[in-house]
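Each remark here refers to the structure printed beneath this line.
The values are calculated or read from the model by the stated rules, or taken from the named source; none is laboratory data. Just so it is clear, the model here is predicted, and its values are computed rather than measured. Cβ placement follows ideal geometry from the backbone for every residue including glycine, while neighbour counts extend to all protein chains displayed. For accessibility, only protein heavy atoms count, side chains too; no ligands or nucleic acids. Shrake-Rupley method; radii C 1.70, N 1.55, O 1.52, S 1.80 Å.
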Number of protein chains: 4
Amino acid sequence: MEPCFDIAHLAHVEMYSNKFEESLDFFLRVYGLTLSGQDENSAYLRAWDDYEFHTLKLTRHHTTGVGHIAYRASSPEALDRRVNAIMASGYKTLGWVDGDLGHGRAFRFQDPFGHTFEIYYDTVRFTATGDQKPALKNIASRFHGHGCHPRRIDHVNLLASDVAEFRRFMETCLGSRVTEMIALDNGRVGGCWFTINNKGYDLACTEEHGRGAARLHHLTYATDTREDILRAADIFLENGVHIETGPHKHAIQGTFFLYVWEPAGNRVELANAGARLILAPDWEPVIWTEGERRKGQAWGLRTIETFHTHGTPPVQFKGD
Amino acid sequence: MEPCFDIAHLAHVEMYSNKFEESLDFFLRVYGLTLSGQDENSAYLRAWDDYEFHTLKLTRHHTTGVGHIAYRASSPEALDRRVNAIMASGYKTLGWVDGDLGHGRAFRFQDPFGHTFEIYYDTVRFTATGDQKPALKNIASRFHGHGCHPRRIDHVNLLASDVAEFRRFMETCLGSRVTEMIALDNGRVGGCWFTINNKGYDLACTEEHGRGAARLHHLTYATDTREDILRAADIFLENGVHIETGPHKHAIQGTFFLYVWEPAGNRVELANAGARLILAPDWEPVIWTEGERRKGQAWGLRTIETFHTHGTPPVQFKGD
Amino acid sequence: MEPCFDIAHLAHVEMYSNKFEESLDFFLRVYGLTLSGQDENSAYLRAWDDYEFHTLKLTRHHTTGVGHIAYRASSPEALDRRVNAIMASGYKTLGWVDGDLGHGRAFRFQDPFGHTFEIYYDTVRFTATGDQKPALKNIASRFHGHGCHPRRIDHVNLLASDVAEFRRFMETCLGSRVTEMIALDNGRVGGCWFTINNKGYDLACTEEHGRGAARLHHLTYATDTREDILRAADIFLENGVHIETGPHKHAIQGTFFLYVWEPAGNRVELANAGARLILAPDWEPVIWTEGERRKGQAWGLRTIETFHTHGTPPVQFKGD
Amino acid sequence: MEPCFDIAHLAHVEMYSNKFEESLDFFLRVYGLTLSGQDENSAYLRAWDDYEFHTLKLTRHHTTGVGHIAYRASSPEALDRRVNAIMASGYKTLGWVDGDLGHGRAFRFQDPFGHTFEIYYDTVRFTATGDQKPALKNIASRFHGHGCHPRRIDHVNLLASDVAEFRRFMETCLGSRVTEMIALDNGRVGGCWFTINNKGYDLACTEEHGRGAARLHHLTYATDTREDILRAADIFLENGVHIETGPHKHAIQGTFFLYVWEPAGNRVELANAGARLILAPDWEPVIWTEGERRKGQAWGLRTIETFHTHGTPPVQFKGD
């Protein structure tokens, strides 16, 4: 398939929190995002080099998890093409919404597992003023050095009971490519890593083991260096944040990672992929077998149980 | 402009050396590339995660400089589209060539300043065997840790007497986008940074001050971390390589850089851009004025004279 | 000479500022020290892993420069031995002072160039309470991640018109060892690096070219990594701090360095020496010639003019 | 206690290998030490900035483990003082030996658990010649960048059935200080970290759970950065070396660590302590309880079973 990217990039994720104030404090003071604005139920946050108004919409909610996942189209025409493809696909559509503080009208639709997606083109660029103004005009806002200070949103990981079906959804609706995947011995797809541009992935989907619906596995921001992640581990430790696993390197995608749980229980990651990019237009998906997965992470770390079971919102599940 | 990338990425650069053996030894033992193959006059080299057979074609020649610059198209159809656009453009074309050890038939053309470009789709993927086989199947070959061990080719910087005209050439022939540029007080364009994908740039063109033609300013490979570049500085120092400037951070593109001269005099760089990507489909070129440039590099380093004057092949120029 | 260390370590430096509020804001918010206490004219600051109450005493003064340099003795007996050696030395003594918020009685004396030194044993250990309490009990206080967050005081660099004479003073009064030095072609000593323990140096003295007396060249804190220093450069840049030179690596001592001027003009450095220690009891001073110095810093950076001329307090000097 | 260091530093360790050629290949090609010389049964190895002829004596043996541990005294007089103290101590002495390729006469003695120690003053400094000669004269030999290229020997970890008794041995014979220790709920000492200079530790002793005698837990070299250790993990992975645990950060001593098993089964570590030094002459040992240890390593990593059971030479032990 020739990559003619109608969709430009993962734009933002709406995360639900039932401990809104604690979650907001975590993302601002510890994780190191900045606040672009707030409305009645949501705070709009971004990393220092995210060019849009927000990449995280944190919403006060009765539970945790993901509200919606947004991608920005490459042009108005590309947006139309995508909307037509989605309407023709038979997947559930929710129609156009007005957008919010961060962007204009957006078209909403759902995957078969209940996650809501939206695509839009008209956006609100973040305009750095005052002490947000950077010394160098080619970054979106000042490097503030607060908290873990990731540079930009990187990817989101969702849970689905049928990853192969989720893959069809992503290819049909967004034109995403699969760069890596897990093939289980039982013939099922254990996980899929998708990209819409030159990143190794901007969305991952792994198999739901908790009988939950529309669940979030984690949301990730990218740091410039691996040292930033080692420092982040110290910052999480000093702030009493639950470090679930890491820092270590994933065999899949080769990402250097660190996973923590924000105060409401949503899993968030900091990741660094070094200089890796997927530039080959004819990249063939890398397929990992269960046997290969048994070797653990890149350097041998065992994957801990909660990583297979914990998602948000929580569901009744032994071991979770 | 909507990015529908007919061209996938910068593929390889042919560099001329009039000290072939010394240059080859430098690139293999010190710079840390590996040898994929050789023919009568050329050695084919790649970084450990370059997926193609080669990204550097080092050719024995009576002088130094650049032989040709190659881009890979996104598909056979995209290649045809580009060839038609180039033939319609009026720029000088050299027609189809058979390709070499590293790829199939390629279409060649020239910019108005004498640099030869080629585009192709059919390629030779590097197949890692024996002790080149990586422990993790999602990288192109084993991480060998030899020399400075950059991960992949990053960009090339050419010299042209009229950068504005060079920009028209890049936009017309390759569909490249300008991400950053220098606007001189005299109204001329001092430099342009181009990209064909989500990298900040894969080719830069700066103004020729040496009355030379078709000259190379430098060729660059990307490292995973800035620490790799600090280590590389020690390795260059211990191997008696001329370190021209760096390590330091460019204000333009925010690249952490280190420039050295390989034994024949061609300037080569190691660079790391952290997690920076150009994801905005409607990115507006960042324009740097002469006044802003006077501040030096990002952290204040003065740009040294040879950086403005030294290119290959050399020309008579006071100060060079 | 057998190292039987009567003196344990460089303890603190008193720095004068004629812009006290700006200097204090710089050291707390940008440089990343924390405030232990204040009295009428001074603020007492420390890095997050400094075990004493303070390592920087910042004092409101009519000019800039250094107030005094303090070393802590290894024991009460060692303190007595040193005091006797100093009194017998003929160097100017100022007698015992009561100490301040940070330590008990101290014995004061002066080098022939007007710098005031003090040695003491009784100290005030920093006791971390509340949100200064670290998650790990083997560090002196919480890793806060604010500003450039150096780990501990590292060294101070003084100016003297006769470095050879200054060396006699250090060996006689403190029992310091010279680890590296500069031998000028004119037979004079251009600079000396002294240590009292296993660090490469805790005090350096370089030749005064400004006809000043009792001047400070710079004060330095140590970071855990070189990446911390690259990040610090971004933080200084974003905060409008004058970056004089660096980041780069000194040939002498191999220190990775970054020099800035705090708001009042005192030069401060951040440095990282990697895993280097001087463990050999019979270490012979490394002697650098003028010819070797002409190669510039480790990776070739030219030493800029102000580094040779700027000291505090300022003196009339062309080029300063 | 006043530190008047008769002993200057840990000098070298003799490691036994029953797979000598494989072990030697590992230490030279993968771990990144260099060969200073060989005699009939031993190879003498050093890191690039170790100033002595060797810091690792690798000896062909019928089993694995540690041959002897050597410390260098601060002076001939200090050596005599130590020998007298040891002879008066009642601990088993083996008398003077002639030394080997790396140093002069040494006095040998044993701890109650069968480990052989030696102390000496006369040494053989490594003289860098030819392509070992560094570009900068203040390092012991060229930075070669081969393998994991640690900078210097750091520490050794021994196993003893009674750590409290081992502590008495270290304090009596070497004058070592305890910087950190583990106090078990059963009143026993689980582990002790000793230093003879300003390092956090140069020798650790942890409780023997394998009913073995004179066993080695691990030998460690220090890298300049944590990134060096992340890179080392890739190098170990690519070379099929068994990575036991890490990279991660120890709560005790705050060391960033990576443990692997060399081909014969001896555990070797790479470690980086950042800028941490023990400078306080009156440092009080940090005491960790079993409850605190249950939190795992600094960032929460569980300590894996083999770390408690595997030592060399191996003994019959369930779980080993």
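Counting only residues that are under 17 Å from residue D:69 (Cβ atoms) and either in contact (Cβ under 8 Å) with a residue 60 or more places away in the chain or part of a helix (DSSP H, G or I) (or both), how many does region D:143-164 have?
Summing the residues that are under 17 Å from residue D:69 (Cβ atoms) and either in contact (Cβ under 8 Å) with a residue 60 or more places away in the chain or part of a helix (DSSP H, G or I) (or both) in region D:143-164 gives 9.
Looking for something in contact with a Phe, Trp or Tyr (Cβ under 7 Å, 6 or more places away or on another chain) and surrounded by 16 or more Cβ atoms within 10 Å (Cβ to Cβ) - is there at least one such residue anywhere in region B:16-27?
No, because not a single residue in region B:16-27 is in contact with a Phe, Trp or Tyr (Cβ under 7 Å, 6 or more places away or on another chain) and surrounded by 16 or more Cβ atoms within 10 Å (Cβ to Cβ).
Considering (1) touching a residue at least 24 places away in the same chain (Cβ under 8 Å); (2) more than 20 Å from residue B:252 (Cα to Cα); (3) in contact with a helix residue (DSSP H, G or I) (Cβ under 8 Å, 6 or more places away or on another chain), say which one residue B:215 fails and leave the rest.
(3)
Does any residue in region D:232-243 that is at the interface with chain A (Cβ under 8 Å from one of its Cβ atoms) and more than 12 Å from residue D:263 (Cα to Cα) come within less than 7 Å, Cβ to Cβ, of a residue that is of a type outside the set (A, V, I, L, M, F, W, C) and assigned to a strand (DSSP E or B) six or more places away or on a different chain, and which pairs are these?
As it stands, the answer is D:233/D:247, since those pairs meet every condition given.
When the residues of region D:234-276 are filtered to those that are of a type in the set (Gly, Ala, Ser) and assigned to a loop (DSSP other than H, G, I, E, B), which remaining residue is most open to solvent (accessible area, probe 1.4 Å)?
D:240
Take region A:165-194 and flag every residue that is in a strand (DSSP E or B), open to solvent by 10 Å² or more (accessible area, probe 1.4 Å) and charged (D, E, K, R).
Once the filter is applied, which keeps residues that are in a strand (DSSP E or B), open to solvent by 10 Å² or more (accessible area, probe 1.4 Å) and charged (D, E, K, R), region A:165-194 yields only A:177.
Would you mention how many residues in region A:77-100 are part of a helix (DSSP H, G or I) and on the phi > 0 side of the Ramachandran plot?
0
State whether the residues of region D:195-216 include one that is within 19 Å of residue C:139 (Cβ to Cβ), among the acidic types (Asp, Glu), crowded, with 22+ Cβ neighbours inside 10 Å and modelled with pLDDT of 95 or more.
No, region D:195-216 contains no residue that is within 19 Å of residue C:139 (Cβ to Cβ), among the acidic types (Asp, Glu), crowded, with 22+ Cβ neighbours inside 10 Å and modelled with pLDDT of 95 or more.
Which one of these does residue D:158 not meet: (1) open to solvent by less than 40 Å² (accessible area, probe 1.4 Å); (2) within 14 Å of chain C (Cβ to nearest Cβ); (3) among the aliphatic types (A, V, I, L, M)?
Every condition holds for residue D:158 apart from (2).
List the number of the failed condition for residue C:73; all other conditions in (1) touching a Leu at 6+ places or on another chain (Cβ under 7 Å); (2) under 24 Å from residue D:5 (Cβ atoms); (3) away from chain D (no Cβ under 14 Å) hold.
That leaves (3) as the condition not met.
Of all residues in region A:119-142, count the ones that are open to solvent by less than 60 Å² (accessible area, probe 1.4 Å) and either in a loop (DSSP other than H, G, I, E, B) or in contact with a Gly (Cβ under 9 Å, 6 or more places away or on another chain) (or both).
The total comes to 14.
Conditions tested, residue by residue: (1) aliphatic (A, V, I, L, M); (2) over 26 Å from residue D:94 (Cα atoms).
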{"site": "D:113", "(1), (2)": "no, no"}
{"site": "D:122", "(1), (2)": "no, no"}
{"site": "D:130", "(1), (2)": "no, yes"}
{"site": "D:138", "(1), (2)": "no, yes"}
{"site": "D:196", "(1), (2)": "yes, no"}
{"site": "D:203", "(1), (2)": "yes, no"}
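Just wondering, is there one or more residues in region C:289-299 that are within 14 Å of chain D (Cβ to nearest Cβ), within 30 Å of residue D:121 (Cβ to Cβ), open to solvent by 30 Å² or more (accessible area, probe 1.4 Å) and β-branched (Val, Ile, Thr)?
no
Can you tell me which residue within region B:55-76, out of those that are in a strand (DSSP E or B) and either among the β-branched types (Val, Ile, Thr) or free of Cβ contacts under 8 Å to residues at least 24 places away in the same chain (or both), is nearest to residue B:39 (Cα to Cα)?
B:59
Have a look at D:168, D:188 and point out the one that is farther than 23 Å from residue D:31 by Cα, out of contact with any strand residue (DSSP E or B) (no Cβ under 8 Å at 6 or more places or on another chain) and more than 14 Å from chain C (Cβ to nearest Cβ).
Answer to the check: D:168.
Looking only at region C:49-70, which residues are of a type in the set (A, V, I, L, M, F, W, C) and open to solvent by 10 Å² or more (accessible area, probe 1.4 Å)?
The answer is C:53, C:66.
Are there any pairs with C-beta distances below 9 angstrom linking a residue in region D:298-320 that is closer than 15 Å to residue A:301 by Cβ to a residue that is open to solvent by less than 30 Å² (accessible area, probe 1.4 Å) and at pLDDT below 90, with the two at least 6 apart or on different chains, and if so which?
Once the first residue is closer than 15 Å to residue A:301 by Cβ and sits in region D:298-320, its partners that are open to solvent by less than 30 Å² (accessible area, probe 1.4 Å) and at pLDDT below 90 give D:302/D:296; D:303/D:296.
Look through C:221, C:259 and report the one residue that is within 16 Å of the chain's Cα centre (by Cα) and more than 14 Å from chain D (Cβ to nearest Cβ).
Step by step, each of C:221, C:259 is checked, and only C:259 is within 16 Å of the chain's Cα centre (by Cα) and more than 14 Å from chain D (Cβ to nearest Cβ).
Would you mind finding the one in C:45, C:24 that is under 22 Å from residue C:103 (Cα atoms), touching a helix residue (DSSP H, G or I) at 6+ places or on another chain (Cβ under 7 Å), of a type outside the set (D, E, K, R) and more than 14 Å from chain D (Cβ to nearest Cβ)?
Being under 22 Å from residue C:103 (Cα atoms), touching a helix residue (DSSP H, G or I) at 6+ places or on another chain (Cβ under 7 Å), of a type outside the set (D, E, K, R) and more than 14 Å from chain D (Cβ to nearest Cβ) holds for just one of C:45, C:24, which is C:45.
Only residues that are among the polar types (S, T, N, Q) and under 16 Å from residue D:79 (Cα atoms): list them for region D:90-126, please.
D:93, D:123
Taking the residues in region B:2-49 that are part of a loop (DSSP other than H, G, I, E, B) and touching a His at 6+ places or on another chain (Cβ under 7 Å) as candidates, determine which candidate is farthest from residue B:240 (Cα to Cα).
In this case the residue turns out to be B:48.
Against the definition (in contact with a Lys or Arg (Cβ under 9 Å, 6 or more places away or on another chain), open to solvent by less than 20 Å² (accessible area, probe 1.4 Å), of a type in the set (Phe, Trp, Tyr) and not in a strand (DSSP E or B)), how does residue B:109 come out, yes or no?
So residue B:109 fails the test.
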